[in-house]
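Shown next, in structure tokens, is the structure this report addresses.
The values are calculated or read from the model by the stated rules, or taken from the named source; none is laboratory data. Computed from a predicted model, the values in this text were never measured in an experiment. Heads up, the Cβs are rebuilt from the backbone with ideal geometry, glycines too, and the neighbour counts pull from every protein chain shown. Side chains included, ligands, DNA and RNA excluded: accessible areas come from the protein's heavy atoms. Shrake-Rupley method; radii C 1.70, N 1.55, O 1.52, S 1.80 Å.
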Amino acid sequence: MDIMTGVGLVAGTIVIATMMLLGGDLHMFISEHAIIIIFGGSVSATMIRFPLSALLHGLPLGAKFAFTMSRLSAHDLVDELARIAEIARKQGPVGLEKVETDEPFLAKGIRYVADGYDLDFIRDNLERDRDNFLMHLDEGSKIYRAIGDCAPAFGMVGTLIGMVQMFANMTDPSKLGPFMATALLATLYGALVANLFCLPIADKLHGKLLDEETNRTLIIDGILMIRDSKSPTLVREMLLAYLPEKHRNAEGEPVPA
């Protein structure tokens with residue numbers, strides 16, 4: 001679970017709600033008209049930008065990965081692959097059938113090696129799986145960013161609509177306040193949707209996309225070396241290149257060759 005995403009959203013909501021309560025009642029900040037223009041307009045514009053398949057894949061995948069962490073870090077994957085290479089060296093591919101891991105992508109690679117698939121088959125399938133996953137995660141990032149870009153613009157549209165309605169009813173002072181409130185709340189909603197929710201999630205997904213690309217490429221290289229019967233020490237040393245320089249010396253002792 002990615003605690004920071006949830007903590008950030010809760011903290012931001014508390015700050016905004018506190019400021020609203022200090023100035024009066026929360027009910028004065030609720031406007032059905034503003035909600036319709038912000039959410040309806042942003043969703044409609046996003047539907048125009050992206051095909052249905054991208055929305056169906058990107059939105060749920062983005063929401064899932066914004067609140068979850070990878071099961072294993074790159075540091076853990078290096079240790080895990082070195083351990084698996086040691087098992088393969090001692091017991092052969094058959095010994096990998098009993099290996100368990102919390103990382104589904106790694107488990108798929110281990111199964112390919114245990115089943116005796118050739119090197120090209122393993123490489124092609126794992127790379128295709130990685131690329132498809134990264135594409136959908138990138139779509140999720142782009143969709144949330146698109147909503148974040150649209151929300152302030154539709155907030156301005158809502159403000160303009162409220163201003164037009166206000167000026168069109170200047171002869172009735174009782175309507176000026178509600179129309180002005182609608183105009184201002186549309187801008188408020190647009191800013192909150194964009195800057196508290198959609199744009200931060202889009203940035204979080206972009207960072208996780210880079211992490212997943214590194215981790216899955218590391219797994220592919222490790223699995224291919226294990227399939228090629230490389231020694232555990234060589235597997236570890238080769239995969240350490242994926243880690244930042246400061247983390248490479250913090251690794252544990254190499255697995256004996």
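Projected onto the charge dipole of segment 73-175 (+1 at Lys/Arg Cβ, -1 at Asp/Glu Cβ, origin at the Cα centre), which of Ser141, Met166, Ala88 gives the Cα projection farthest towards the positive end?
Farthest towards the positive pole: Met166.
How much length is gained on full extension from Ala241 to Asp211, taking 0.36 nm per residue of separation minus their Cα-Cα distance? Numbers along the way, then the final one.
Values: separation 30, 0.36 × 30 = 10.80 nm, distance 1.45 nm.
Full extension of this stretch gives 9.4 nm more.
Work from the charge dipole of the chain (Cβ charges, +1 for Lys and Arg, -1 for Asp and Glu, about the Cα centre) and give the residue of Gly6, Phe105, Ile48 farthest towards its positive end.
Result: Ile48.
So how strong a dipole does the chain carry about its Cα centre when Lys and Arg Cβ are +1 and Asp and Glu Cβ are -1, to the nearest 20 debye? It would help to have the intermediate numbers written out before the result.
Values: 23 positive and 32 negative charges, 69 e Å.
So the dipole magnitude of the chain works out to roughly 340 debye.
Where a ≥ b ≥ c are the square roots of the eigenvalues of the C-alpha gyration tensor, would you call segment 70-142 rounded, which needs a/c under 1.5, or, failing that, prolate if a/b is larger than b/c, or oblate?
On the way: a/c = 2.87, a/b = 1.59, b/c = 1.81.
Verdict is oblate for segment 70-142.
Could you give the length gained by full extension between Leu56 and Ser44, i.e. 0.36 nm per residue of separation minus their alpha carbon distance, to one decimal place? Show your work: numbers first, answer last.
Working: separation 12, 0.36 × 12 = 4.32 nm, distance 1.47 nm.
Working it through step by step, the gained length comes to 2.9 nm.
Given a Förster radius of 41 Å and the C-beta distance between Ile3 and Leu234 as r, what FRET efficiency does 1/(1 + (r/R0)^6) yield to the nearest 0.05? Could you put the intermediate results ahead of the total?
On the way: r = 37 Å, r/R0 = 0.90.
Working from the Cβ atoms, E equals 0.65.
Using a Gaussian network model on the chain with a 10 Å cutoff between Cα atoms, which of Asp149, Asp118, Asp131 fluctuates the most?
Comparing Asp149, Asp118, Asp131 in a Gaussian network model of the chain, the most mobile one is Asp118.
Indicate the helices, whole DSSP H runs only, in the chain that combine a mean Kyte-Doolittle hydropathy of -0.5 or more with a Cα extent along their long axis of 24 angstrom or more.
3-22, 74-91, 119-168, 173-192, 199-227
How high is the relative contact order of the chain, given as a whole-number percent (alpha carbon pairs under 8 Å, six or more residues apart)? Don't skip to the end; give the middle numbers.
Numbers: 296 pairs, mean separation 77.2, N = 257.
Normalised by residue count, the contact order of the chain is 30 percent.
Estimate the FRET efficiency between Asn169 and Met28 by the formula 1/(1 + (r/R0)^6), using the beta-carbon distance for r and 30 Å for R0, to the nearest 0.05. Mind showing how you got there, number by number?
Details: r = 20 Å, r/R0 = 0.66.
Calculated value: 0.95.
Report the per residue volume, in Å³, of the convex hull enclosing the C-alpha atoms of segment 80-228. Can you show the working numbers first?
On the way: hull volume 15.9 nm³, N = 149.
It is 107 Å³ per residue.
With every protein chain kept in the model, how would you rank Arg130, Arg89 by accessible area, 1.4 Å probe, largest at the top?
These residues rank, largest area first, as Arg89, Arg130.
Give the lysines reachable from Lys142 as a straight Cα distance under 30 Å; neighbours fewer than 8 places away on the same chain don't count.
Here the lysines satisfying the reach criterion relative to Lys142 are Lys64, Lys108, Lys204, Lys208.
Of Ala241, Ala183, Met156, which is farthest on the positive side of the dipole of segment 115-257, counting Cα position, with +1 on Lys and Arg Cβ, -1 on Asp and Glu Cβ, and the Cα centre as origin?
Ala183
Given only helices, namely DSSP H runs of n ≥ 4 each adding -39500 (n - 2.57), what is the per-residue ellipticity at 222 nm of the chain, to the nearest 500 deg cm²/dmol? Walk me through the numbers on the way to the answer.
Details: 11 runs with 188 residues, N = 257.
Per the formula, -24500 deg cm²/dmol.
Would you kindly compute the Cα radius of gyration of the chain and its largest Cα-Cα separation (Dmax), both in Å?
25.7, 90
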